[in-house]
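Heads up, the thing below is written out as structure tokens.
The values are calculated or read from the model by the stated rules, or taken from the named source; none is laboratory data. Values in this document were obtained by computation on a predicted structure and should not be read as measured data. Cβ sites come from the backbone with ideal geometry, for glycine too, and all protein chains shown count toward neighbours.
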Protein chains: 2
Amino acid sequence: MTTIRDVAKKAGVSVATVSRFLNGSGYVSADAAKAVTDAVDELKYELNPVARSLNTKQSHLIGLIVPDITNPFFPELARAVEDVALTYGYTVILCNSDENPEKERNYLETLKKKYIAGFIVTSNQLDAPHYANMALPIVALDRAINDRIPTVSSNNREGAVMGTQALLQRGCKDILFLRGPEKLNPANDRFEGFMEAITESGVNYHIVTCPFHFADSEKIVEGFLKEHKEIDGIFASSDVSAAGALKAAVTLGIQVPAELQIVGFDGIAMGEMLSPGLTTIAQDVYKMGAIATRVLIKRIENQEIEQHFYEVPVQLKLRGTTRSVEK
Amino acid sequence: MTTIRDVAKKAGVSVATVSRFLNGSGYVSADAAKAVTDAVDELKYELNPVARSLNTKQSHLIGLIVPDITNPFFPELARAVEDVALTYGYTVILCNSDENPEKERNYLETLKKKYIAGFIVTSNQLDAPHYANMALPIVALDRAINDRIPTVSSNNREGAVMGTQALLQRGCKDILFLRGPEKLNPANDRFEGFMEAITESGVNYHIVTCPFHFADSEKIVEGFLKEHKEIDGIFASSDVSAAGALKAAVTLGIQVPAELQIVGFDGIAMGEMLSPGLTTIAQDVYKMGAIATRVLIKRIENQEIEQHFYEVPVQLKLRGTTRSVEK
DNA sequence: TTGAAAGCGGTACCAG
DNA sequence: CTGGTACCGCTTTCAA
């Protein structure tokens, strides 16, 4: 392994000069620069990031903390983070937290020791002390919140309004809203959006809380539909719940979208595989991840960030679980 | 930050002794040990992994190279790797290669500089020189092979036999096999398994190559079924393709499973969300990841590994796209 | 058993 | 502009 000393010797300058040149810090004469460049080339010298880390107490590592990569929302996020990170020369460490504060803290500690540069976090524990007291740059994703931590999320409220209106415009007169877990910010925003739109319309509605879990949602919806034959529209806070609702409808012999229309939320790939295809409010998860990563890297590199709160627009994706608009 | 020197001072011994004690290397008297332990406790000393890395040229980092974490097969794999790695005190770095040799090589190089301990790789480039010449421990996953790299994969051939027989036992007389990409080892093994079972049965069959991609598969199958109304069973090399086939059948008004039975391969979560639920040969992806990680860590820590090739059993999961067995 | 000291490969201060 | 050198925090050799 060739070291900076080898380069210095070959270039006929001191290691200090080589280091300065390599880092663009301090003055280096044109001659010296040339000599160093040549030496680096000839020796195929590559800087040792570990040695550098030890000095600078910095690394080009980014930690990505998600509840569970297995949850269909996160792979695309991870992909975006990794893509952007790579572009800027950063490497990403994947951490599954299971929303467990202990695990989260453990990761933060462990990685801090490795001089990790910053974290992108999806968690509900963001207000917990282990985040508040972190000296490192953090960007929060999706579920957020703390005035000193930049956040990027979808426009959940507006998306919910759009989804509700989609059902309304297509003639639904009795809508079931599948509300997500009360602890999740996005779920609450979606709930608000729904309430806003439905109240304004004066249309009849019901609200049932559903975890973002397929089989559970299926069971809950099946039970509910048996008791409420009048339901002609379901707006689910997640695609997984929507898929559960669709399956429940099929089981009960209810025609979708003729008798019952369904709209989901998320836009995960599975939606198009269902029959009929799932109409949904699609989030631009990739974009969220990309923005979060760029913001984080700016923070790491002490650049100004334009905003503190980024809201990524969502989009109505019409597929087979809804009819065409009534004229 | 408290360093090993602080501990040494407090314990009244030299840093060398502290280091030896902490690493369990070399001799340390009981007295010294006690003093060090106490000092560590009092000072809440924690070893600096970066400084250690610089010396040992080792880290507790594992690289996980996958084509694309967005592909439904990989999140669970990543989850398993991360879980097991955490258990042994390792941290995992996520790398999306897109099956691009350049990207792969780039990761290998970059991470080698960080003194990464080893890699778990899912790739078709495994025979490329950048792997062959790696001095680091590697474990290959799923698609494999090189006699010096341990491999863990599903029992694809046997799974394909099981899947085919499932169709046969349920009365299928004209089966369409959706073959996966020819470059993929698992796809080839599945193909072999199918051929073995179908040949033995003497039942009529067709083979069509399909990428592991939903929309493409749907289109291909739809076209094929239009021309071949006699098909009464489809065995797909992947669940995604099976989902495409199912959707094509629905579009064409073909009753599943009454007129056409379908079996997929993979066992991804999406399968149960379809209507009817997708019968499939489920791989134990989590187990594969867990085994691969344990094997890798053994290699890293210079322990003996029992085998060089691990085959994880698959399992037939009966759901709605197949009927009950005919008596 | 123990400790002094020489690294590991860079960074950065400070004098020249 | 440049170079000598202390130092980042830990490991390891070698002599005592």
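Select from the range B:89-108 the residues that are surrounded by fewer than 20 Cβ atoms within 10 Å (Cβ to Cβ) and either polar (S, T, N, Q) or in a loop (DSSP other than H, G, I, E, B) (or both) and list them in ascending order. Give the steps one after another, and end with the answer.
Our first condition is that a residue be surrounded by fewer than 20 Cβ atoms within 10 Å (Cβ to Cβ); within the range B:89-108, this holds for B:89, B:98-103, B:105-106.
Passing the criteria: B:Gly89, B:Asp98, B:Glu99, B:Asn100, B:Asn106.
If you scan the range A:169-185, which residues turn out to be over 25 Å from A:Asp142 (Cβ atoms) and polar (S, T, N, Q)? If you could, list the steps in order and put the result at the bottom.
At the first step, the residues of the range A:169-185 found to be over 25 Å from A:Asp142 (Cβ atoms) are A:169-175.
Passing the criteria: only A:Gln169.
On the given criteria, is A:Glu182 farther than 23 Å from A:Gln261 by Cβ, surrounded by fewer than 24 Cβ atoms within 10 Å (Cβ to Cβ) and of a type in the set (D, E, K, R)? Yes, satisfied. The set of residues from the range B:54-65 being out of contact with any Cys (no Cβ under 7 Å at 6 or more places or on another chain) and either crowded, with 21+ Cβ neighbours inside 10 Å or assigned to a loop (DSSP other than H, G, I, E, B) (or both) comprises B:Lys57, B:Gln58, B:Ser59, B:His60, B:Leu61, B:Ile62.
Which is of a type in the set (Gly, Ala, Ser) and at pLDDT below 95, of A:Ser19, A:Ser29?
Working: A:Ser19 fails: at pLDDT below 95.
Answer to the selection: A:Ser29.
Do any helices (runs of 4 or more DSSP H) entirely within the range B:194-277 hold 3 or more residues that are touching a Gly at 6+ places or on another chain (Cβ under 6 Å) and within 14 Å of chain A (Cβ to nearest Cβ), and if so, which? Step through it out loud before you land on a result.
On the way: elements: B:214-227, B:239-251, B:270-273.
Of the helices (runs of 4 or more DSSP H) lying wholly inside the range B:194-277, those with at least 3 residues that are touching a Gly at 6+ places or on another chain (Cβ under 6 Å) and within 14 Å of chain A (Cβ to nearest Cβ) span B:214-227.
Give A:Ala16, A:Ala39 a once-over and let me know the one that is of a type in the set (A, V, I, L, M) and exposed (fewer than 15 other Cβ atoms within 10 Å of the Cβ).
Details: A:Ala39 fails: exposed (fewer than 15 other Cβ atoms within 10 Å of the Cβ).
After ruling out the rest, the residue left standing is A:Ala16.
In this entry, A:Ile231 is excluded by the filter for residues that are surrounded by fewer than 17 Cβ atoms within 10 Å (Cβ to Cβ) and of a type in the set (A, V, I, L, M).
Answer with yes or no whether B:Met162 is surrounded by fewer than 23 Cβ atoms within 10 Å (Cβ to Cβ), farther than 19 Å from B:Val66 by Cβ and among the aliphatic types (A, V, I, L, M). In short, yes.
Selection within the range A:1-33: residues that are touching a residue at least 12 places away in the same chain (Cβ under 8 Å) and not in a helix (DSSP H, G or I). The member of this set that is nearest to DNA strand D (Cβ to nearest atom) is A:Val13.
Can you work out which of the residues in the range A:9-19 that are hydrophobic (A, V, I, L, M, F, W, C) and closer than 27 Å to B:Lys112 by Cα is farthest from DNA strand C (Cβ to nearest atom)? Give the derivation first.
The initial filter retains those residues of the range A:9-19 that are hydrophobic (A, V, I, L, M, F, W, C), namely A:11, A:13, A:15-16, A:18.
Now drop any that are not closer than 27 Å to B:Lys112 by Cα, which leaves A:11, A:15-16, A:18.
Working: A:Ala11: 13, A:Val15: 5, A:Ala16: 3, A:Val18: 7 Å.
The selected residue is A:Ala11.
Evaluation of A:Leu54 against the conditions (1) closer than 18 Å to A:Leu22 by Cα; (2) more than 9 Å from chain B (Cβ to nearest Cβ) shows that the sole unmet condition is (2). With A:Leu77, A:Leu86 as the choices, which residue is more than 20 Å from B:Val81 (Cα to Cα), within 11 Å of chain B (Cβ to nearest Cβ), hydrophobic (A, V, I, L, M, F, W, C) and part of a helix (DSSP H, G or I)? The unique qualifying residue is A:Leu86. A:Ile305 falls short on exactly one of the conditions (1) among the hydrophobic types (A, V, I, L, M, F, W, C); (2) at pLDDT below 95; (3) within 18 Å of A:Gly163 (Cα to Cα), and that condition is (3).
A quick yes/no check of all residues on (1) within 11 Å of another protein chain (Cβ to nearest Cβ); (2) more than 12 Å from DNA strand C (Cβ to nearest atom):
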| site | (1), (2) |
| --- | --- |
| A:Val7 | no, no |
| A:Phe21 | no, no |
| A:Ala30 | no, yes |
| A:Glu42 | no, yes |
| A:Asp68 | yes, yes |
| A:Thr91 | yes, yes |
| A:Asn96 | yes, yes |
| A:Glu102 | no, yes |
| A:Asn106 | yes, yes |
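Here the condition is being free of Cβ contacts under 8 Å to residues at least 60 places away in the same chain, within 30 Å of A:Ala292 (Cβ to Cβ), part of a helix (DSSP H, G or I) and of a type outside the set (Phe, Trp, Tyr); of A:Val36, A:Val50, A:Val40, it holds for A:Val50 alone. A count restricted to the range A:278-287 and to residues that are crowded, with 24+ Cβ neighbours inside 10 Å and more than 13 Å from every other protein chain (Cβ to nearest Cβ) stands at 4.
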